[in-house]
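The values are calculated or read from the model by the stated rules, or taken from the named source; none is laboratory data. Remember, it's a predicted structure, so these values are computed and weren't measured experimentally. Don't worry about glycine lacking a Cβ; one is built from the backbone with ideal geometry, like all the others, and counts go over all protein chains shown.
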Ligand code: KIV
């Protein structure tokens with residue numbers, strides 16, 4: 001069975017069909033998620049917090065991403081695998097391409113994701129020139145957060161909203177194939193999703209994105225600590241993890257999640 005590819009997601013966007021994404025870090029969940037209809041498996045550096053118990057995503061290493069990426073690749077057959085480039089692994093164009101090649105060659109990544117806007121254009125250009133598919137990440141950038149109160153909604157005022165929109169356009173022009181938009185007001189996310197041709201995947205970005213992603217442990221209601229407004233426990237009321245994931249996928253597809261109560265205005 002061959003894996004889904006970017007064309008599939010472009011076509012889904014054109015048809016107005018929502019894309020269901022979850023983070024995955026291991027064999028068992030990767031297999032279960034794709035069985036339940038999740039199309040994109042994001043090996044996120046959120047694993048630093050939800051798997052390793054770190055205070056932020058910053059301590060996550062390239063070797064960690066390879067370890068978890070390999071497990072997800074072994075556990076899935078058709079899910080499209082996106083792997084995060086960890087903090088400090090895309091400083092120069094040379095190291096960006098070298099490290100991304102490790103994720104593609106060893107961790108099973110079909111696409112790598114990196115955080116940031118116009119300041120990442122050189123890195124993105126280098127990856128595109130090396131034929132490595134890239135996912136952008138705008139809005140809240142977890143790798144830039146150093147204190148617990150740094151997890152804040154972005155793009156609330158007109159100037160910062162405009163900057164995020166401009167960054168999204170610049171990244172698309174540079175050749176990214178997908179964009180994650182984290183913690184921005186729903187109106188801004190809608191404008192960006194309508195403006196870009198590539199799929200925009202939201203997390204805390206309202207229902208008008210082309211797809212949704214959640215950290216899988218948040219979706220199952222088993223993450224500790226502060227619960228962000230957009231998090232919803234899909235396991236509540238279900239009798240199995242598979243049923244919870246199916247409920248998440250259906251809610252995303254039907255544009256019932258995120259609802260107003262999960263959304264920043
Ligand atoms: O690392 C991660 O899980 C992510 C999501 C929050 C989008 O980047």
So, first residue on the phi > 0 side of the Ramachandran plot in region 218-235, second residue in a loop (DSSP other than H, G, I, E, B) and modelled with pLDDT under 95, Cβ within less than 9 Å, six or more apart or across chains; the pairs are 221/227
Verdict on residue 136 being modelled with pLDDT of 95 or more, under 27 Å from residue 25 (Cβ atoms) and either within 12 Å of the ligand (Cβ to nearest atom) or in a helix (DSSP H, G or I) (or both): yes
Please find, within region 52-61, the residue that is nearest to the ligand (Cβ to nearest atom) out of those that are within 17 Å of the chain's Cα centre (by Cα) and modelled with pLDDT of 95 or more. 57
Looking only at region 84-91, decide whether some residue is surrounded by 15 or more Cβ atoms within 10 Å (Cβ to Cβ) and within 19 Å of residue 6 (Cβ to Cβ). yes
Can you confirm whether residue 23 is touching a helix residue (DSSP H, G or I) at 6+ places or on another chain (Cβ under 6 Å) and closer than 22 Å to residue 206 by Cα? yes
Check whether at least one residue in region 195-208 is over 17 Å from the mean Cα position of the chain (by Cα), more than 27 Å from residue 25 (Cβ to Cβ) and not in a strand (DSSP E or B), and report yes or no. yes
Among (1) away from the ligand (no atom under 14 Å from the Cβ); (2) part of a loop (DSSP other than H, G, I, E, B); (3) closer than 22 Å to residue 185 by Cα, there is one condition residue 149 misses while meeting the rest; what is its number? (2)
Within region 185-234, which residues are away from the ligand (no atom under 12 Å from the Cβ), surrounded by 18 or more Cβ atoms within 10 Å (Cβ to Cβ) and more than 27 Å from residue 166 (Cα to Cα)? 220, 232, 234
Away from the ligand (no atom under 16 Å from the Cβ), closer than 19 Å to residue 44 by Cβ, over 18 Å from the mean Cα position of the chain (by Cα) and not in a loop (DSSP other than H, G, I, E, B): does that describe residue 74? yes
Look at residue 20 and say whether it is under 18 Å from the mean Cα position of the chain (by Cα), crowded, with 22+ Cβ neighbours inside 10 Å, touching a residue at least 60 places away in the same chain (Cβ under 8 Å) and not in a loop (DSSP other than H, G, I, E, B). yes
Of the residues in region 26-49 that are part of a strand (DSSP E or B) and in contact with a helix residue (DSSP H, G or I) (Cβ under 6 Å, 6 or more places away or on another chain), the one that is farthest from the ligand (Cβ to nearest atom) is 41
From the options 30, 24, 73, 20, residue that is over 19 Å from residue 221 (Cα atoms) and in contact with a strand residue (DSSP E or B) (Cβ under 8 Å, 6 or more places away or on another chain): 73
Failed condition for residue 112, given (1) in contact with a strand residue (DSSP E or B) (Cβ under 8 Å, 6 or more places away or on another chain); (2) assigned to a loop (DSSP other than H, G, I, E, B); (3) within 16 Å of the ligand (Cβ to nearest atom), with all others met? (2)
